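Notes follow once the structure below has been shown.
The values are calculated or read from the model by the stated rules, or taken from the named source; none is laboratory data. Everything numeric here is computed off the predicted structure, so don't read it as measured data. For neighbour counting, all protein chains shown are included, and Cβ atoms are generated from backbone atoms with ideal geometry for every residue, glycine included. Note: areas computed on protein heavy atoms with side chains; ligands, DNA, RNA excluded. Shrake-Rupley method; radii C 1.70, N 1.55, O 1.52, S 1.80 Å.
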Amino acid sequence: MKARQSGVLMHISSLPGKYGIGSFGQSAYDFVDFLVRTKQRYWQILPLGTTSYGDSPYQSFSAFAGNTHFIDLDFLIDEGLLAEEDLKGVDFGDDPKAVDYAKVFEARRPLLEKAVARFLKVGDLDKFRHFVAENAAWLELFAEYMAVKEHFDLKAWTEWPDEAIRRRQPESLASYREQLADKLEYHRVTQYFFFKQWLQLKKYANDHHIEIVGDMPIYVAADSADVWAQPHFFKTDEQGRPVKVAGCPPDEFSETGQLWGNPIYNWEAMDQDGYAWWIERLRESFKIYDIVRIDHFRGFESYWEVPAESETAATGHWVKGPDYKLFAAVKEALGDLNIIAEDLGFMTDEVIELRERTGFPGMKILQFAFNPDDESIDSPHLAPHNSVMYTGTHDNNTVLGWYKDEIDDPTREYMAQYTNRKEYETVPHAMLRTAFASVSYMAIATMQDLLELDGSARMNLPSTIGGNWAWRMTAEELNSAVEEQLYYLTKIYRRLNTDLLPQENKRNTF
């Protein structure tokens with residue numbers, strides 16, 4: 001049986017800092033120290049991939065490359081690749097509690113170009129060349145894609161005016177590689193910066209007995225190097241445009257469902273190839289994460305397929321997915337993997353059977369647990385030990401926002417009775433207490449709920465573009481009261497990270 005543990009969900013972009021967006025800099029190390037002091041085991045983050053239109057980490061230009069916004073500029077200064085004068089007067093946005101992605105995008109590129117140029121003169125080129133060689137399978141494709149994309153004013157690859165490069169014809173690729181050599185090198189070096197800084201941060205966390213829970217979107221963006229390079233693995237037309245896209249059906253939260261727009265996989269082609277693309281994707285993911293949460297796990301059993309021309313997801317239908325066959329191939333190639341199955345949404349016996357067969361823990365969302373008139377599968381008393389209990393995810397409102405704006409009085413009353421909430425106790429604390437008291441072996445608190453923030457701190461409102469993924473924490477908010485609350489809940493419900501305890505205390509934690 002897995003030991004009881006806990007952690008915090010906090011994306012890199014939400015960390016405090018002076019350059020407009022969270023990074024792999026000192027505030028990230030300070031956050032690890034906070035997790036250590038409160039005896040947590042896990043730091044859960046959102047996907048680390050590059051973001052495109054809408055700024056969503058679930059719509060990336062590559063399933064493998066990293067988001068260069070997270071490269072810490074102070075560390076580049078420490079390495080002599082930037083000077084403090086380079087950053088004077090640069091506008092990264094003026095709100096310390098929100099990311100201004102447009103300003104960050106505009107401000108960082110000239111600085112990174114300067115750092116790259118300096119690195120190519122004075123940097124450790126032997127380590128860089130080793131990184132390029134070791135990651136060539138995905139890195140060269142990503143560098144080519146981004147260089148050509150920038151050459152064509154950031155248009156999606158299906159809109160590039162040169163058909164030869166759209167189809168990756170060898171002569172055309174050779175020509176663009178020569179023509180855009182400087183851009184290709186920029187993307188190679190910035191990926192080197194990204195992975196160097198991230199792996200140093202991950203090592204610091206691991207050395208302090210903190211494990212990183214990463215996040216893998218099930219789908220990739222249509223505007224991505226992956227679809228450009230291997231359109232036969234996706235349901236696309238002769239021009240590479242999706243003919244079937246992903247989403248989820250209408251439900252009690254949305255009358256028209258959610259239309260995500262990602263291209264649907266051609267699972268038959270992937271099966272014929274032995275699921276090699278998925279095997280490599282997971283292999284690379286476990287180089288940078290300790291645990292991988294796979295988003296929309298139910299889509300492997302059956303997925304909601306929508307005609308690309310549809311305006312809503314309501315026109316879609318269920319299609320059978322690869323089911324266990326994919327995970328059997330992954331297990332044969334990579335062995336047993338530490339995966340969390342995001343099994344939310346419309347559940348069926350078949351999805352549950354797939355999850356149970358893999359042995360992956362599923363997820364429970366406490367905000368979904370309180371129905372005064374009926375039973376809920378998210379109720380803590382129904383949760384199996386092999387599950388992860390959340391107050392909410394990045395797609396949910398904060399607990400305080402949910403309580404104030406999304407539920408009615410009977411639900412509030414039932415929630416108070418179920419959690420045995422005291423008059424003096426805040427709603428977020430009652431919910432966190434209930435989550436940590438659950439039998440789920442892992443409990444994850446969102447940082448916004450630990451800070452008891454209202455709906456203005458929500459990370460994402462599904463099926464909307466603009467205003468999402470922006471929330472940031474300030475350094476002052478992570479105070480001793482928050483620390484004491486988290487430590488108390490962790491201790492009282494026996495979730496202490498035993499690797500962080502003196503040897504004589506370990507036997508008293510279970």
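Assess whether LEU496 counts as being open to solvent by less than 60 Å² (accessible area, probe 1.4 Å), in a loop (DSSP other than H, G, I, E, B), over 23 Å from ASN396 (Cα atoms) and aliphatic (A, V, I, L, M). Spelling it out, LEU496 is indeed open to solvent by less than 60 Å² (accessible area, probe 1.4 Å), in a loop (DSSP other than H, G, I, E, B), over 23 Å from ASN396 (Cα atoms) and aliphatic (A, V, I, L, M). Within region 253-278, the set of residues being touching a Gly at 6+ places or on another chain (Cβ under 8 Å) and open to solvent by 20 Å² or more (accessible area, probe 1.4 Å) comprises GLN258, LEU259, TRP260, GLY261, TRP267. So, ASP55, is that one part of a loop (DSSP other than H, G, I, E, B) and surrounded by fewer than 23 Cβ atoms within 10 Å (Cβ to Cβ) or not? Here the answer is yes, as ASP55 does meet what is asked. The residues in region 6-48 that are of a type in the set (A, V, I, L, M), within 30 Å of VAL439 (Cβ to Cβ) and open to solvent by less than 20 Å² (accessible area, probe 1.4 Å) can be counted, and the count is 7.
Taking (1) open to solvent by 80 Å² or more (accessible area, probe 1.4 Å); (2) under 25 Å from the mean Cα position of the chain (by Cα) in turn, PHE92 satisfies each apart from (1). The requirement of being open to solvent by 20 Å² or more (accessible area, probe 1.4 Å) and touching a Phe, Trp or Tyr at 6+ places or on another chain (Cβ under 6 Å) is satisfied by ARG166.
Under 21 Å from TRP160 (Cβ atoms) and surrounded by fewer than 23 Cβ atoms within 10 Å (Cβ to Cβ) - does that describe any residue in region 224-231? Looking for residues that are under 21 Å from TRP160 (Cβ atoms) and surrounded by fewer than 23 Cβ atoms within 10 Å (Cβ to Cβ), one finds at least one in region 224-231, hence yes.
In this structure, TYR186 does not satisfy being of a type in the set (Ser, Thr, Tyr), surrounded by fewer than 20 Cβ atoms within 10 Å (Cβ to Cβ) and more than 21 Å from ASP55 (Cα to Cα).
Taking region 357-470 as the region of interest, the helices (runs of 4 or more DSSP H) fully inside it that hold 1 or more residues being loosely packed, with under 14 Cβ neighbours inside 10 Å are 399-405, 409-419. Taking region 33-47 as the range and being closer than 22 Å to MET459 by Cβ, of a type in the set (A, V, I, L, M, F, W, C) and over 18 Å from the mean Cα position of the chain (by Cα) as the test, the residues that pass are PHE34, LEU35. Could you list all residues from region 1-15 that are within 17 Å of PHE70 (Cβ to Cβ) and of a type in the set (A, V, I, L, M)? LEU9, MET10, ILE12, LEU15, listed by residue number. Can you find a residue that is over 30 Å from VAL330 (Cα atoms), at pLDDT 95 or above and of a type in the set (Asp, Glu) anywhere in region 393-405? Yes.
Among the residues of region 343-356, the ones that are open to solvent by 30 Å² or more (accessible area, probe 1.4 Å), outside any loop (DSSP other than H, G, I, E, B) and aliphatic (A, V, I, L, M) come to 1 in all.
Checked against (1) open to solvent by 40 Å² or more (accessible area, probe 1.4 Å); (2) under 26 Å from LEU73 (Cα atoms), ARG177 meets all criteria but (2). Scanning region 471-485 for residues that are in contact (Cβ under 8 Å) with a residue 60 or more places away in the chain and not charged (D, E, K, R), we see that the one that is least open to solvent (accessible area, probe 1.4 Å) is MET473.
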